[in-house]
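Chemist: Can you keep this structure in mind? I'll have questions shortly.
The values are calculated or read from the model by the stated rules, or taken from the named source; none is laboratory data. It should be emphasised that the depicted structure is a prediction, and the values quoted were computed from it without experimental measurement. When we count neighbours, we look across all protein chains shown, and the Cβ atoms used for this are built from the backbone with ideal geometry, even at glycine.
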Amino acid sequence: MNRLLSVYAADFQAVVQPGLLYKDMNRVLARHGLFFAPDPGANASLGGMIANNAAGTRTPKYGATRDNVLALEVVLADGQVIRSGSRSVKQSAGYDLTHLFVGSEGTLGLITEATIRLAPLPAHFSAATVAFPTLEAAAQAVSEMIGAGLGPAALEILDAASVGAMNGQEEFELPTMPALFLEFHGATEETLAAELSMAQAICGEHGARAFEAGIGREARSRLWAARHQLGEILPRVYAGLRYVGADVAVPISAFPALAAEATAALEGLPEAHPYLFGHAGDGNLHAMIFVEGDDSQYEEVRAAFNDRVVAAALRLGGTCTGEHGVGIGKRRYMVAEHGAEAVKVMWAIKRALDPLDLLNPGKVLPEEEGEE
Ligand SMILES: Cc1cc2nc3c(=O)[nH]c(=O)nc-3n(C[C@H](O)[C@H](O)[C@H](O)COP(=O)(O)OP(=O)(O)OC[C@H]3O[C@@H](n4cnc5c(N)ncnc54)[C@H](O)[C@@H]3O)c2cc1C
């Protein structure tokens, strides 16, 4: 089921089957001057992206997958086929079943068709890289840029180790310092120039050491290719080691506090190789921490880092997962994030739609009702 069924170019919409890969789809849509904006990096399927509410570098401007799904066809556990949503961009007719299935990680039904929103390919764009003395300074600049009303299409943060890992790829040579990668999309060159100059001024106030703007089309492609590949490069560098991952997200004003907590949590980790990076423009911080040693050392790092950073994200009004989803590993945080009563409602929905627990059993919800 990997077909692009229809393109409604005048409405900025397409109807797709779930096995279609989004990068392949975007190559076809480019002929219409359109693209599907959510970009998890790897060439994910539309079904996987919708089931996970995937997001990525372009979320600050275009939203996550959830914001770009209008309607679904879903096969329920008992074999019934239902349709939800419509092609209207607004609809207030009843319960929003479409967005119940988005992000449900295959636990409530099988998505067999989706109507998605598209965006016009930007007429003008400009990318920049900025080096900072500390990760916290970079995070402060992010919070201030968004607070000032700047609307970057992408705003990524990387610690010095992540920049160092990227420097080995794609003929890259950036200062091995904490960095922001920015991209602006605009209708005119003038609006782009104004946004870039404001971004530069804010970065300067936070001690930016190098602001490289005016990156050309080819260099920009290499920049984003290297950034997207980071999650695949690092496991190759540390082949054989397991890693603790993190995917916390907070409201943008709390992003500097989250970055500071994550940096502090790294101190004193036993025999580990940590990397911090993330989609800072939407308050999303990732970590990959490669652990030497056995299972007990892995658990020690997971508890010392992930539990602490998740607790901080929840305290700051955020979430244990911005885009990777819950799966099995993050079920333990569901009650802390939503409260036991809300988790009971989730169980009630799961039992109503899938009483025999056929669809992705054991995922998303804690094993026992109300279990932490
Ligand atoms: C190293 C790494 C980095 C990642 N980075 C990102 C990132 O930056 N942003 C991001 O959003 N995600 C990220 N992810 C998570 C993952 O890549 C995304 O969720 C991706 O969109 C999944 O697509 P897929 O085609 O690989 O789906 P799959 O792995 O095949 O499926 C993902 C989930 O969706 C369910 N599913 C798939 N198709 C359907 C369907 N038709 N109906 C119902 N359920 C379905 C599956 O059962 C499964 O639970 C990352 C994962 C890894 C391992």
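Chemist: For the range 40-71, how many residues meet the condition of being without any contact (Cβ under 8 Å) to a residue 60 or more places away in the chain and within 9 Å of the ligand (Cβ to nearest atom)?
Modeler: Matching residues across the range 40-71 total 6.
Chemist: Answer yes or no as to whether residue 132 is more than 16 Å from the ligand (Cβ to nearest atom), under 27 Å from residue 46 (Cα atoms) and among the aromatic types (Phe, Trp, Tyr).
Modeler: no
Listed here are the residues, each with its yes/no results for (1) part of a helix (DSSP H, G or I); (2) closer than 27 Å to residue 365 by Cα; (3) within 16 Å of the ligand (Cβ to nearest atom); (4) at pLDDT below 95.
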| position | (1), (2), (3), (4) |
| --- | --- |
| 257 | yes, no, no, no |
| 262 | yes, yes, no, no |
| 288 | no, yes, yes, no |
| 293 | no, no, no, yes |
| 300 | yes, yes, no, yes |
| 310 | yes, yes, no, no |
| 314 | yes, yes, no, no |
| 317 | no, yes, no, no |
| 335 | yes, yes, no, no |
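Chemist: Scan the range 46-57 for residues that are out of contact with any Ser or Thr (no Cβ under 8 Å at 6 or more places or on another chain), modelled with pLDDT of 95 or more and surrounded by 23 or more Cβ atoms within 10 Å (Cβ to Cβ) and jot them down.
Modeler: Scanning the range 46-57 gives a single hit, 46.
Chemist: Something else now. Collect the residues in the range 24-39 that are closer than 22 Å to residue 322 by Cβ and either β-branched (Val, Ile, Thr) or within 11 Å of the ligand (Cβ to nearest atom) (or both), keeping them in residue-number order.
Modeler: Scanning the range 24-39 gives 38, 39.
Chemist: Is it the case that residue 340 is without any contact (Cβ under 8 Å) to a residue 40 or more places away in the chain and either more than 16 Å from the ligand (Cβ to nearest atom) or under 30 Å from residue 145 (Cα atoms) (or both)?
Modeler: Considered against the rule, which asks whether it is without any contact (Cβ under 8 Å) to a residue 40 or more places away in the chain and either more than 16 Å from the ligand (Cβ to nearest atom) or under 30 Å from residue 145 (Cα atoms) (or both), residue 340 comes out as yes.
Chemist: Name the single residue that is surrounded by the most Cβ atoms within 10 Å (Cβ to Cβ) among those in the range 264-286 being part of a loop (DSSP other than H, G, I, E, B) and within 16 Å of the ligand (Cβ to nearest atom).
Modeler: Among them, the one singled out is 283.
Chemist: Further question on the same structure: Just to be sure I understand, how many residues within the range 151-170 are out of contact with any Leu (no Cβ under 9 Å at 6 or more places or on another chain) and over 21 Å from residue 231 (Cα atoms)?
Modeler: 1
Chemist: So, residue 326, is that one within 29 Å of residue 156 (Cβ to Cβ), in a helix (DSSP H, G or I) and in contact (Cβ under 8 Å) with a residue 40 or more places away in the chain or not?
Modeler: no
Chemist: A further question on this structure: Among the helices (runs of 4 or more DSSP H) confined wholly to the range 145-248, which include 3 or more residues that are of a type outside the set (Lys, Arg) and under 23 Å from residue 309 (Cα atoms)?
Modeler: Those helices (runs of 4 or more DSSP H) span 160-167, 217-237.
Chemist: Restricting to the range 113-144, and then to whatever is among the hydroxyl-bearing types (Ser, Thr, Tyr) and assigned to a strand (DSSP E or B), can you tell me which residue is farthest from residue 70 (Cα to Cα)?
Modeler: My answer is 129.
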